[in-house]
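Nothing in this text is a laboratory measurement; each read-out follows from the coordinates by a stated rule. The model shown is predicted, which means the values in this text are computed figures rather than measured ones. Cβ atoms come from the backbone with ideal geometry, glycine included; neighbour counts cover every protein chain shown.
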Amino acid sequence: MIREFTHIDLRDRNSFGVEQRAARLVEFETADDLRELFRGGIPEQWYVLSGGNNILFTRDYDGVLITPVGRRITPLLDDGEAVLVRAEAGVEWDDLVEWAVERGLWGIENLSLIPGKAGAAPVQNIGAYGCEAKDAIERVEMFCVETGTMLTLDGRHCGFAYRESVFKHELRGRVIITSVMLRLHRTPQPKLGYGDVEREVEARGGVSLRNIREAISAIRRAKLPDPKQTGNAGSFFKNPVVEASVAERLLAQWPDMPHYPAPEGRVKLAAGWLIDRAGWKGHSEGHVGVHERQALVLVNRGGATGSEVLAFARKVQQAVRERFGVEIDTEVNIL
C-alpha cells in the first residue's frame, strides 16, 4: 500500500538537513505499489530517494520522489556454510549488518554503521575498510518502469567498480531496486588489514564477528560526525584514481602520500589527505565547512542551503586541483 505526500518538507529526509521541498513523494513497499504508481504513465521527472544519506538538494524538487519502506529480511537458501539472504530495499543497512552478525554470518561486518538503506547499497557499491557491497551481493531485484515487470540482475552483471554500478549509468531512470540478495558465510572471513581495524579488534579480545563490528563502529564514530547532530552526507568526495605516472610524480614531491593499487595498473589516492594538505581540513565559510577529523566530509554547521554546500565543495575541488593537479569528483548525488 502506497503513502503519498504533496509539497513535503525534505529537511528530515536528507542527512545534510537542507530545507527544500518536493512537489510529491510516494512511499512504496511492493512491486504492486509501483505498478499502481506508474499505471497512469511515467512522470516526466522522478527520482528514488532512499535514506537521503548520499544526496544534496540544491533547490526544490518539482517531480515525484519515490521512497522504499519495505523492511523484511528473509533467509532464502542455507547449505550449511553459505546463506542467501533477501533484504527489501527499505531495510536500514546497519540493521542488516547487525542481523547478520547476530546469526554468525560473515561478509558485511566491515560495512558496519554505513548510513542508508539496503536498496541503495548496490547503486553506490558502498564500501569501507577494505570491503565493498559487491563482495556479498548475489543478485538485485528491480522493477522496470518502462514495462511494469520485475527483473533480476546477477551481481556479476551489475557493473560494480569503485563507487560505481550499472544503476548509476545504463539503468539510471529505468529501474527501481526493490530488494537485494546477499550471499553470507558461516566460515570466518575476517578482513583486518585496513587502517586501525586489527588493533581495535585485538583491544576487544580478538577476532570475532561482534568484535569486528564493534571495532569498526567505534572507528567510524570517532572520525565521522553524526548526521543527527551535524548535517552531512558522509564522504562527499571520491578517492581519485590516477595513472601510475601521475602518482609517481606526486610521490616524488610528497613521499608520505597515501596510495593504493587500483585496476589496470592505476593508483588510488586518498582524497582526504589531498584536501588536508591543500589546507582545507577544518576550514569553514559561512554555514559550511570541512569536518575537523575527516577531510572527506563536508558539514552543514547550521542553516546552510544546498547551493552553499555545493559552492563550497567547488572551492575544495579547485584547491586540490591547483595544489596537486588532481581532480576529485563528488560521491554525493547532487539534485
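When the alpha carbon coordinates of region 231-334 are projected onto the principal axes, the ranges are 43, 24, 21 Å, largest first.
Extension gain for the segment residue 223 to residue 284, taken as residue separation times 0.36 nm less the Cα-Cα distance, is 20.2 nm to one decimal.
Oblate is the label for region 1-92, because a/c, from the alpha-carbon gyration tensor with a ≥ b ≥ c as root eigenvalues, is 1.5 or above and a/b does not exceed b/c. Highest GNM mean-square fluctuation among 136, 222, 271, for the chain modelled with Cα contacts below 10 Å: 222. Near the amide H of residue 56, within less than 5 Å, lie the amide hydrogens of 333, 334, 335, all on another chain or at least 5 residues away, with H placed in the peptide plane. Multiplying each eigenvalue of the alpha-carbon gyration tensor of region 133-249 by 5 and taking the square root yields semi-axes of 31, 21, 17 Å, largest first, rounded to whole angstroms.
Computed from phi, the 3J(HN,Hα) profile of region 16-32 under the Karplus parametrisation 6.51, -1.76, 1.60 (θ = phi - 60°) reads 6, x, 7, 8, 10, 10, 10, 4, 7, 9, 10, 9, 10, 10, 10, 5, 4 Hz, with x in place of Gly and Pro. Applying 0.36 nm per residue to the separation of residue 7 and residue 191 and subtracting their alpha-carbon distance, the gain on full extension is 61.7 nm. By the equivalent-ellipsoid construction on the alpha carbon gyration tensor, region 98-191 comes out with semi-axes of 25, 14, 11 Å, ordered largest to smallest.
3J(HN,Hα) along region 243-260, derived from phi through the Karplus expression 6.51 cos²θ - 1.76 cosθ + 1.60 where θ = phi - 60°, amounts to 5, 4, 5, 5, 4, 4, 4, 5, 5, 5, 8, 10, x, 8, 5, x, 7, 9 Hz, with x in place of Gly and Pro. Taking every C-alpha pair closer than 8 Å and separated by at least 6 residues, the mean separation divided by the residue count of the chain gives a relative contact order of 16 percent. Taking amide H atoms as placed 1.01 Å from N in the peptide plane, the amide H of residue 178 lies under 5 Å from those of 141, 142, 143, each 5 or more residues away in sequence or on another chain.
Can you tell me which of 211, 54, 110 moves the most in a GNM of the chain? Springs connect C-alpha atoms under 10 Å apart. Between 211, 54, 110, it is 211 that shows the largest mean-square fluctuation. Spin-label model, residue 333/residue 79: points 7 Å from Cα along the beta carbon direction are separated by 3.4 nm.
Close lysine pairs were tallied over region 73-223: pairs 8 or more places apart or on different chains with Cα atoms under 22 Å apart number 6. On the basis of the beta-carbon distance and an R0 of 35 Å, residue 310 and residue 248 show a calculated FRET efficiency of 0.60. Dipole size of region 3-68 about its Cα centre, with +1 on Lys/Arg Cβ and -1 on Asp/Glu Cβ: approximately 120 debye, rounded to the nearest 20.
Proximity of backbone amide H atoms, modeled 1.01 Å from N, is registered between residue 159 and 166 at under 5 Å, excluding neighbours fewer than 5 places apart on the same chain.
Neighbour counts of other Cβ atoms within 10 Å put 1, 142 in the fewest-to-most order 1, 142.
Under the convention that each Lys and Arg Cβ holds +1 and each Asp and Glu Cβ holds -1, the size of the dipole of region 43-177 around its Cα centre is about 320 debye.
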